[in-house]
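Below is one structure, written out as structure tokens; the observations come after it.
The values are calculated or read from the model by the stated rules, or taken from the named source; none is laboratory data. Quantities reported herein were computed from a predicted structural model and do not represent experimental measurements. So basically every Cβ, Gly included, is an ideal-geometry build from the backbone, and we count neighbours across all protein chains shown. Heads up: the accessible areas ignore ligands, DNA and RNA and are worked out on the full protein's heavy atoms, side chains in. Shrake-Rupley method; radii C 1.70, N 1.55, O 1.52, S 1.80 Å.
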Amino acid sequence: MASRVGGRQRLFRHPAQTIVAGFAGAILLGTALLMLPFASEGPGSTDVVTALFTSTSAVCVTGLVVVDTASHWTTFGEVVILGLIQLGGIGIMTFASVVGLLISRRMGLRTRLSAAAETKAVGLADLRRVVTGVVTVSLLVEALVAVVLFLRFWLGYDEPVGRAAYLGVFHSVSAFNNAGFALYADSLVRFVTDPWVCVPIALAVIFGGLGFPVWFELRREIGRPRAWSMHTKMTVSVTAVLLVAGTVFVTASEWSNPDTLGAMSAPGRIFAGFFHAVMPRTAGFNSLDVGAMNDSTLLGTIVLMFIGGGSAGTAGGIKVTTFILLFFVIYAEVRGEERVNAFDRQVDDRVIRQALTVALLSVGAVVGATLLLMSLTGLPMGPVLFEATSAFATVGLSTGITFDLPTSAELVLVGLMFLGRLGPITLVSALALRERHRHYELPEGRPIIG
């Protein structure tokens, strides 16, 4: 009994190890299920690398695929993918919320009180309510979006009732969890100007990418923006700015491109530009041919993918809070201020160091993977950098090179998706839980910068 209790204590002391093992187990289970003969069309079974790639992409809610989802997998295989998406999405949100609570328990009393006042966080006693809230909100939003899509597929595209319901559920779950898996070979290109399909999916992507802490607070303080925590203010404001700026940028950049927006009406171009600006947040659906976009648009999309969405949500990337926090660090340094302030609050130095660590290690991961993929494939830097960023930020957008990658490159992307999905969360939790106090101070040194 004592050893069992000790094992549990060690488990909660290192929650990051637990979630890594759990997600790895889910990926391996999904791989085994997708390798079953009746999971794929045609004779025989899917090879292990393709099954592993697809399972990783689903659990890590990425959306990159090496085979067409609709034509390669049977209904059983698609349902397995859908289950892995749901497991991965809810698992990430639940884990991120629970880790926040576990970290707060390791803090000193004064720090815990300050953090609770700032984030409006719930206590450890409400752990069950946190998990229940994540599951309830997820299923509710998915159900609402699924109903709208079902009606559109049924009444607007004459799909049979059962097929329309299946399409609605699959794309709703995929959208809310920012997965980007679609049951059409061209993703959502055929619906590029259909607001009854694209708007519900875009809203589900945005809502899923905000994160549970933001939902929880907005539900209580929706009419009192001044009472919002720094985290909620950062997430909501930066998300809004990036959506508007991304829409303007994509629309302007592709306005005259005959292979993307050029052949549409003006309202259609703006609508399609908005949808593409939402997807790098990090859903992976595309209503335009990404491979036909201008280089400037692809570069802008890479930036949006790398930033990602909100913390403790289904989105990937370095997160909008990390991005805006680094902006405030630069702003304070340019102004010569000793402390970093944001939204009428002073930012803790430890949070700044964590943000810098996550951002720089993420840059290193993407650059390193890009160099490795270039050496393995012989492809130019542009599409490879796009692919690496999409995998690390768990987006799923591609210029079209995924299907033709060699096995070695597919395995690199598998590792990158896993690292991108769990790396930032586990890194931040490990940094927070390894807080140490030095009992002495070293002499100050000032190296020359610049």
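Residues that are modelled with pLDDT of 90 or more, within 23 Å of Gly180 (Cβ to Cβ) and buried (at least 21 other Cβ atoms within 10 Å of the Cβ) occur in segment 372-383; there is at least one. Here Phe327 passes the criteria (1) open to solvent by 20 Å² or more (accessible area, probe 1.4 Å); (2) free of Cβ contacts under 8 Å to residues at least 40 places away in the same chain; (3) part of a loop (DSSP other than H, G, I, E, B); (4) not acidic (Asp, Glu) except the one numbered (3). Quick one: how many residues across segment 56-83 are open to solvent by 20 Å² or more (accessible area, probe 1.4 Å) and among the hydroxyl-bearing types (Ser, Thr, Tyr)? Looking only at that region, the number is 3. Specify the residue that is farthest from Gly180 (Cα to Cα); the eligible residues are those in segment 330-340 that are out of contact with any helix residue (DSSP H, G or I) (no Cβ under 6 Å at 6 or more places or on another chain) and surrounded by 13 or more Cβ atoms within 10 Å (Cβ to Cβ). Within segment 330-340, the match that is farthest from Gly180 (Cα to Cα) is Ala332.
Out of the residues in segment 22-32 that are open to solvent by less than 60 Å² (accessible area, probe 1.4 Å) and in contact with a helix residue (DSSP H, G or I) (Cβ under 9 Å, 6 or more places away or on another chain), state the one that is modelled with the lowest pLDDT. If you could, list the steps in order and put the result at the bottom.
Step one: of segment 22-32, the residues open to solvent by less than 60 Å² (accessible area, probe 1.4 Å) are 22-27, 30-32.
In the following step, the residues that additionally are in contact with a helix residue (DSSP H, G or I) (Cβ under 9 Å, 6 or more places away or on another chain) were identified as 22-24, 26-27, 30-32.
Values: Gly22: 81, Phe23: 85, Ala24: 88, Ala26: 91, Ile27: 95, Gly30: 96, Thr31: 97, Ala32: 97.
Applying the filter and picking the extreme gives Gly22.
Taking Arg281, is it at negative phi, at pLDDT below 95, basic (Lys, Arg) and within 18 Å of the chain's Cα centre (by Cα)? Spelling it out, Arg281 is indeed at negative phi, at pLDDT below 95, basic (Lys, Arg) and within 18 Å of the chain's Cα centre (by Cα). Note on segment 153-228: enclosed helices (runs of 4 or more DSSP H) holding 3 or more residues that are in contact (Cβ under 8 Å) with a residue 12 or more places away in the chain and under 27 Å from Gly291 (Cβ atoms) are 161-176, 195-210. Kindly evaluate Ser390 against the criterion of being under 26 Å from Ala277 (Cα atoms), without any contact (Cβ under 8 Å) to a residue 60 or more places away in the chain, touching a helix residue (DSSP H, G or I) at 6+ places or on another chain (Cβ under 7 Å) and part of a helix (DSSP H, G or I). In short, no. Against the condition farther than 21 Å from Ala175 by Cβ, aliphatic (A, V, I, L, M), in a helix (DSSP H, G or I) and modelled with pLDDT of 95 or more, how does Ala272 come out, does it pass? Spelling it out, it is not the case that Ala272 is farther than 21 Å from Ala175 by Cβ, aliphatic (A, V, I, L, M), in a helix (DSSP H, G or I) and modelled with pLDDT of 95 or more. The condition of being under 19 Å from the mean Cα position of the chain (by Cα), open to solvent by 70 Å² or more (accessible area, probe 1.4 Å) and either among the hydroxyl-bearing types (Ser, Thr, Tyr) or within 21 Å of Leu397 (Cα to Cα) (or both) holds for only one of Val248, Val320, Val303, that being Val303.
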